[in-house]
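Everything below concerns the one structure shown next.
The values are calculated or read from the model by the stated rules, or taken from the named source; none is laboratory data. These numbers come from a predicted model, not from an experiment. All Cβ positions, glycine included, derive from the backbone under ideal geometry; neighbour counts span all protein chains shown.
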Amino acid sequence: MPRSVFFSFHYQRDIFRVQQVKNHHITKGSYTQAGYFDGSLEEKAETAGVNVVKKLINDGMVGSSVLCLLIGQETFLRHWCYYEVLRAISEGMGVFGIRIHQLKIPAASAVGLLSLYAPTAGVSDTAGANPFQYMYYQVDGLRYQPKIRYTTGWTDAPHNDDVSWLSAPPYLKTNTSLDAIFKVYDWNDDNGYLQFGNWVEAAARQAGR
C-alpha cells in the first residue's frame, strides 16, 4: 500500500523545486499526495486568520502517515513549516526532510514569472539551515511543550499547544533538538528519484506505522 505523504515547504521561494519532487511519483506510483497548499499560508493567515490556516493544515494531514519537509534556503525561517512538523509529531506521524536547493528551475516555469524571489531558469539555490535544529520538546511529567529557537533564544512554539502523551511517539527524545531524531537527505546527492519511497517507508517505521 502506498503511503500518504504530507509535504511541508516554503511556497514562494521553492514551489518550482517542490513540484519536481512531488511530480516524480507520476512515473513511479510509490506514494499518494496530501497537504499541498496552493499559495502562501502567511498571506492566508493575514486575511482569514490563524485558526483558519491551522484547520486547513490539520485537515490536510488526516490520513497521512508521513510528513516530508522540503528544505530550501529559507525554509528554516517559515513558522508555518514549524507548525506542520510539530503537528505531525503530535499526530504520531513519521517525519523526515529533503534538501532541494540544488534542483534547478525549468525554463518553462520561469517565463513571465514575477516573484519576490525572481527565480532564474537553470539556476540552483544555496543551502539553508536545517529547520530540525530549531525545534525540540521540553518535558514536564506527561506534558510536552514544543519549543522553537529564534535569534533571541528558545521560546514556546507560537501556534502549537503543549501535548499530553500517555505514550509518546517511539522516536521522540526530550530536551534535544529534532535534528538528532529525524533524517535529512539531499534530493540530488542521495538520488531522491530512486530513494524517495525508501525514505518514506523508513520514516513511517520510525514512527511505528
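A few remarks follow.
- Residue in segment 123-139 that is out of contact with any strand residue (DSSP E or B) (no Cβ under 8 Å at 6 or more places or on another chain), buried (at least 17 other Cβ atoms within 10 Å of the Cβ) and at pLDDT below 85 present: yes
Residue by residue, here is whether (1) of a type outside the set (K, R); (2) at pLDDT 90 or above; (3) within 23 Å of P2 (Cβ to Cβ) holds:
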| residue | (1), (2), (3) |
| --- | --- |
| G153 | yes, yes, no |
| K173 | no, no, no |
| G192 | yes, yes, yes |
| Q195 | yes, yes, yes |
| E201 | yes, yes, yes |
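- Residues in segment 176-208 that are outside any helix (DSSP H, G or I) and of a type in the set (A, V, I, L, M, F, W, C): I181, F182, V184, W187, A207.
- Segment 165-190 residues that are of a type outside the set (G, A, S), paired with ones that are exposed (fewer than 13 other Cβ atoms within 10 Å of the Cβ) (beta carbon under 7 Å, 6 or more apart): W165/L142; L166/L142; P170/G208; K173/A180
Okay, residues lined up against (1) modelled with pLDDT of 95 or more; (2) not in a helix (DSSP H, G or I):
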{"position": "K44", "(1), (2)": "no, no"}
{"position": "S64", "(1), (2)": "no, yes"}
{"position": "C81", "(1), (2)": "no, no"}
{"position": "F96", "(1), (2)": "yes, yes"}
{"position": "L103", "(1), (2)": "no, yes"}
{"position": "S109", "(1), (2)": "no, no"}
{"position": "L113", "(1), (2)": "no, yes"}
{"position": "P119", "(1), (2)": "no, yes"}
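- Residue, surrounded by the most Cβ atoms within 10 Å (Cβ to Cβ), within segment 151-175, restricted to residues that are small (G, A, S) and part of a strand (DSSP E or B): S164
- Listed by first and then second residue, the pairs with beta-carbon distance under 6 Å, at least 6 apart or on different chains, first residue in segment 111-135 and under 21 Å from R99 (Cβ atoms), second at pLDDT below 60, are P119/A110; A121/A110.
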